[in-house]
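This report concerns only the one structure given below.
Derivation of every value follows stated rules applied to the coordinates shown; laboratory data play no part. Remember, predicted model here, so these are calculated numbers, not experimental data. Backbone-built Cβ (ideal geometry, glycine too); neighbour counts: all protein chains shown.
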Amino acid sequence: MVDYLKQILTSRVYEVARETPLEQALGLSRRVNNNVFLKREDTQDVFSFKIRGAYNKMSGLDPSILAQGVVAASAGNHAQGVAMSAQKLKCPATIFMPVTTPSIKINGVKSRGAKVRLVGDNFDSTNQAALSFCEENGQIYIPPYDDPDVIAGQGTIGLELLNQLNPIDAIFVPVGGGGLISGIASYVKSLRPGIKIIGVEPEDAASMTQSLNSGRRKKLAHVGQFADGVAVAQPGKEPFKICKTSVDEMITVSTDEMCASIKDIFEDTRSIMEAAGALSIAGLKKYVTTTGSKDQNLIAITTGANMNFDRLRHIAERAEIGERREAILCVTIPEKPGSFKKFCKLIGRRSVTEFNYRYASSSNAQIYVGLQVHDQADIDALIQKLNENNYPTQDFTDNEIAKLHIRHMVGGRSPDIDDECLLRFRFPERPGALSSFLDKLGNHWNISLFHYRNHGADYGRVLCGIQIKNDEKTYLTKFLDDLGFPWVDETDNIAYKLFLGKS
């Protein structure tokens, strides 16, 4: 039986790793009424905790073995840990990575002098390719999590935590293969068994949760890739054995909740975590909501910051939804002048984040609208209010197809639209601005198309179709000039004619 307490205390990780700070997240602490602390593993030289386990394993190998070269399989963070360790120990390294790995992680590995081979769509197929390569070439495989030396290296985080804060009520740990949580739990539970160790996984990659619930290691048929750092189909044997006795609870979270947590961490630290790195905060927030805990010292391990910049656009799109501060609704409105105005009065002085509409028939129309809300109760109350006022409403806030696809496909050509004029407006962005704009536009003409999206800019931008006869256009021009909003006539725009004009 491995003496993990001794292994952790004698670990050599500090030859390359640093003791990372434990920082209080003041803003988040106030919001959740607890003392929230972030263990900043993202501040390691490789922007991840993985350097600890990789170096602890490799530094204990015989020099003759190292000289032949090491091999690893990883979605990125373990890969960079192995690459940096190999650089320090002056040995060659070959890293197998899934083809879906973000380029920032691939480039990070290459910059450390390691060779990269992109194989497979997920960790398991990549891992198998790495193991086969080791057999063929006689090189040693450095496991990412299922190894006592790796687990002990990660466990040094637990050692630091007990030195940095007392008392601690709970520690929230992202879980993939289980090496990190088993290392931390081994140390913490040996010295302070009353501290809760809580693992956090994505809902679509919850292999440890399912394994612990069933009492045996389960292998998932499909694994979500959004949090690629924990996209593991089956937990390791050794981590699972430790977690069975040392982990108090597992929590699963959605993609939107991870996005919201990335924003939470950014607001407190001005640092951007990768999805797996923010898992612990998402789990912590769900734990507080479920248990109602207050005034406790809660620690979240921020495990990595190897985020592809291009992914930020998706995260920004979903963060407010994950926090339940934005609702996405589908509302049926009567197709007649004044319907928009009445709808805006019903929703009150809420910030509108998105508004998509296209005339479809002479009776009713569906609008796709994003609205600022306070929480789920506020969403429910708003839907009830709209339904009671004969604006049938459906909640799309958790509808993946609606959020990923439909929101960008609203519109198209309409065979029944005649005499349509397409106008582009800009107005100062503030709560109630859209309602004010529609008030000034009034009920003079039928609105046949409407698209609005708030991107956090100083100005709101609207694309609006208005049905108008030729002999009214001079009056329309004067009316628009008197509105006081900058506007452009886009009726002759080729994009409009090709995609939105009358069919």
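Values as computed for the structure displayed
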{"read-out": "When the convex hull of its Cα atoms is projected in every direction, mean area for the stretch 226-302 (nm²)", "value": "6.0 nm²"}
{"read-out": "Ellipsoid equivalent to the chain - semi-axes via the Cα gyration tensor, in Å", "value": "53, 25, 19"}
{"read-out": "Relative compactness, the stretch 1-60, computed as alpha-carbon Rg over 2.2 N^0.38 Å", "value": "1.45"}
{"read-out": "Summed residue charge, Cβ within 12 Å of residue 389's Cβ, Lys/Arg positive, Asp/Glu negative", "value": "+2"}
{"read-out": "Cβ-defined net charge surrounding residue 31, 15 Å radius [Lys, Arg +1; Asp, Glu -1]", "value": "-1"}
{"read-out": "The chain: relative contact order in percent, alpha carbon pairs under 8 Å with at least 6 residues between", "value": "12 percent"}
{"read-out": "Values of log10 I(q)/I(0), in the order q = 0.13, 0.18 Å⁻¹, for the stretch 1-109 under a Debye, Cα-only, solvent-free model", "value": "-0.59, -0.93"}
{"read-out": "3J(HN,Hα) from dihedral phi, the stretch 416-422, Karplus parametrisation 6.51/-1.76/1.60, rounded to Hz, x for glycine, proline", "value": "9, 8, 10, 6, 8, 10, 9"}
{"read-out": "Efficiency of FRET from Cβ geometry, residue 248 and residue 385, R₀ 30 Å, rounded to 0.05", "value": "0.10"}
{"read-out": "The stretch 202-235: trypsin sites (Lys or Arg not before Pro) in DSSP loop, at most 10 other beta carbons within 10 Å", "value": "216"}
{"read-out": "Separation of alpha-carbon centers, the stretch 253-331 and the stretch 131-148, rounded to whole Å", "value": "34 Å"}
{"read-out": "Sparsely packed trypsin sites (Lys or Arg not before Pro) within the stretch 28-134, loop by DSSP, other Cβ within 10 Å at most 11", "value": "90"}
{"read-out": "Orientation-averaged projected area, Cα convex hull of the stretch 50-141 (nm²)", "value": "5.0 nm²"}
{"read-out": "Computed label-point distance, nm, for sites residue 33 and residue 62 using a 7 Å Cα→Cβ extension", "value": "6.1 nm"}
{"read-out": "Of 189/241; 189/294; 88/237; 6/218; 403/469, those spanning more than 26 Å from alpha-carbon to alpha-carbon", "value": "88/237; 6/218; 403/469"}
{"read-out": "Mean separation of Cα contacts under 8 Å, 6 or more apart, over the residue count of the stretch 128-222: relative contact order %", "value": "24 percent"}
{"read-out": "Proximal charge balance of residue 470 [Cβ under 13 Å; K/R count +1, D/E count -1]", "value": "-3"}
